[in-house]
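Below you'll find the structure, written out as structure tokens, and then a few comments.
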Amino acid sequence: MTPRVAISQSPYDRDATAALQRAASHMQRARELGADLIVFPEWFLGLNPPEPMPSRALRMLADAARRHGVGVVTGTLRVLDPATSAKQQRALVLDQDGAVLGSQAKCDLDPPERPWFEAGEGIEAIPTRWGRVVLLLGPDALAPARWAECRRTGPALVVMATASKTAAEHRAVEDLALARSLDSSAVVVVVPLLGRFGGAFHVGAAQGFHRGRPLSASGSGEPVVLASGADSAPVELGVLDVCSWAPAHATALGDVALGSDDLRRPLAERRVLLDWAALAAPDPLAAGRTLLSLAEDSPRLAALAPAHPDHPRALEALLAEGAAGAFAWPAVAGRRADDPTFRAVVGLLARYRRPLAVRIGPGPAPLYLSHPEDWDASLILHPDVPVVLVSSGVREPFLAEALTLATCRANVWLELSQAPESFWEEARRTVGSHRLLFGSGGVPGAFAPEWARFQAWGAARGLTAEEVHAIAADNARALFFPLPHRAELAPPAEAGV
């Protein structure tokens, strides 16, 4: 049985009595919302005094659990071993009748905690009526070795009770939780420490994941209910690789390879899908629908529609069905981007308010060249259409043209895949980090080295954490993930171009 879980977002409170009263009210609210189990964050009871179990706090929580008929994951309590007087930070799982089902000590302590507390010896699952529950507290939630211990236990529910000092840190925790939900069959819950504690202000919002799908919307104040199963509303998250391919056709462009099975991997769960080969398909509508079907059930994937100038009605149909934008490579159509048919394509995207990703550089045989400057006429006519210039490793003169166009036109973004670092540096200096997008190019095996190169470049050039996350995630998320769910999309108001 997978429980319906409520996650308390109560902030740290130095007053343990007030924190206990808040915890009891959250337990009542969780039961009213139909939850079976409520999870509390680290230090939700403030600096409770270290006491032997059962402590005063535990007795009050057990009484509330019995009263409301809801199970409890306590978050960290300071526990005193009566035999050795050793202090530990330990979380417990209480059944709906208040009985203690098991506990877990924090294994990896933060530096300020080490002089005062004894570390736990390892991660163990706690058997419950909802299956095996694993608690990863503080740094344990981020340690690969602790996750390996956790996974070996075969958990049904994993609680990551950790702390983030910045929004970027919290997004990284969410990404990690999503990846771990793909790496197991468990529901993975993130329950952050909130408010000022230990001289720092901690941020975040409760979240849960199952098999790569977010199960709850972030919120504040009341507990967030985490619905288990397929009836949960998906939540749109960020993008890490803006240029990835899921080829649906075997053509001369078939050197790119992401199959549908690969899309279940964690890295592929952060991608915008496009298929340059779909531009050469005899039926662009069918090719576009294949991409839409790959992204339909995952909030971590966004599909773009092929924008072939000879098939505007296919593009319009795909935009109406939920495509997050379009992609074009004029060379595949044997044209230049200043052809009037491409201006009509950009006009269609303006009507739907969607972005366009365009490939620049040499095209397939017979050789055509797609120059960035050829898009200028369309950009002048439709300055509200975001256009992403995808480099994919081309060299001069295309990169110089792309930089010039982006400098002159505020609706042009630059994708960085496989470009030399000198281009990255000049783009950051002249265009700014807010219009740069990380991409690996989508070729198998390219992600890891490109990501390592990007991280090394950011460290060498002194990029702030905000700049790194903007280039790696936030800029692309703003471009490609603002759409409502496909079922909520209304049919277009106008006919085709």
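The values are calculated or read from the model by the stated rules, or taken from the named source; none is laboratory data. Keep in mind that this is a model prediction, so the values were computed, not measured. Positions of Cβ are generated from backbone atoms using ideal geometry, with glycine treated the same way; all protein chains shown enter the neighbour counts.
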- Item | Identity of the residue in segment 264-287, in contact with a His (Cβ under 8 Å, 6 or more places away or on another chain) and at pLDDT 85 or above, that ends up nearest to Ala331 (Cα to Cα) | Leu279
- Message: On the basis of being modelled with pLDDT of 80 or more, in a loop (DSSP other than H, G, I, E, B) and surrounded by 19 or more Cβ atoms within 10 Å (Cβ to Cβ), does Pro247 make the cut?
- Response: no
- Task: Output yes when any residue across segment 442-463 is assigned to a loop (DSSP other than H, G, I, E, B), over 26 Å from Trp375 (Cβ atoms) and in contact (Cβ under 8 Å) with a residue 60 or more places away in the chain, and no when none is.
- Result: yes
- Task: Could you check, for segment 66-73, whether at least one of its residues is of a type in the set (Lys, Arg) and either under 26 Å from the mean Cα position of the chain (by Cα) or at pLDDT 85 or above (or both)?
- Result: yes
- Query: Has segment 425-435 got any residue that is assigned to a loop (DSSP other than H, G, I, E, B) and touching a Leu at 6+ places or on another chain (Cβ under 8 Å)?
  - Reply: yes
- Query: Could you say whether any residue in segment 467-482 is at pLDDT below 90, touching a strand residue (DSSP E or B) at 6+ places or on another chain (Cβ under 7 Å) and not in a helix (DSSP H, G or I)?
  - Reply: yes
- Can you name the residue in segment 112-138 that is among the hydrophobic types (A, V, I, L, M, F, W, C) and in a strand (DSSP E or B) and is also nearest to Lys87 (Cα to Cα) among such residues? Leu137
- Task: List the number of the failed condition for Ala459; all other conditions in (1) among the small types (Gly, Ala, Ser); (2) at pLDDT 85 or above; (3) touching a helix residue (DSSP H, G or I) at 6+ places or on another chain (Cβ under 6 Å) hold.
- Result: (3)
- Pairs returned, first residue in segment 294-320 that is farther than 17 Å from Leu356 by Cβ and among the aliphatic types (A, V, I, L, M), second residue that is modelled with pLDDT under 90 and part of a helix (DSSP H, G or I), beta-carbon separation under 7 angstrom, 6 or more apart or interchain, are Leu294/Leu263; Leu301/Leu263; Leu301/Glu269; Leu301/Leu294; Leu301/Ala295
- Go through segment 179-205 residue by residue and tally those that are surrounded by 18 or more Cβ atoms within 10 Å (Cβ to Cβ) and either assigned to a strand (DSSP E or B) or modelled with pLDDT of 80 or more (or both). 15
- Restricting the search to segment 10-65, which residues are on the phi > 0 side of the Ramachandran plot and either of a type outside the set (Gly, Ala, Ser) or at pLDDT 85 or above (or both)? Trp43
- Query: Name the residues in segment 50-80 that are within 20 Å of Leu194 (Cα to Cα) and either surrounded by fewer than 16 Cβ atoms within 10 Å (Cβ to Cβ) or touching a residue at least 60 places away in the same chain (Cβ under 8 Å) (or both), would you?
  - Reply: Val73, Gly75, Thr76
- Task: Those residues that are at pLDDT 80 or above and either within 21 Å of Leu136 (Cβ to Cβ) or acidic (Asp, Glu) (or both), I need them from segment 74-87; list them, please.
- Result: Thr74, Gly75, Thr76, Leu77, Arg78, Val79, Lys87
- Query: What tally of residues in segment 64-90 results from selecting those that are hydrophobic (A, V, I, L, M, F, W, C), under 26 Å from Leu33 (Cα atoms) and in a loop (DSSP other than H, G, I, E, B)?
  - Reply: 1
- Qualifying residue in segment 409-419 (condition: modelled with pLDDT of 90 or more and of a type in the set (S, T, N, Q)): yes
- Task: Only residues that are free of Cβ contacts under 8 Å to residues at least 24 places away in the same chain and of a type in the set (A, V, I, L, M, F, W, C): list them for segment 81-96, please.
- Result: Ala83
- Message: One residue is enough: does segment 192-208 have a residue meeting the conditions touching a strand residue (DSSP E or B) at 6+ places or on another chain (Cβ under 9 Å), over 20 Å from Glu42 (Cα atoms) and in the same structural domain as Val39 (by TED's automatic domain parsing)?
- Response: no
- Leu285 fails exactly one of (1) under 17 Å from Leu273 (Cα atoms); (2) of a type in the set (A, V, I, L, M, F, W, C); (3) buried (at least 22 other Cβ atoms within 10 Å of the Cβ), namely (3)
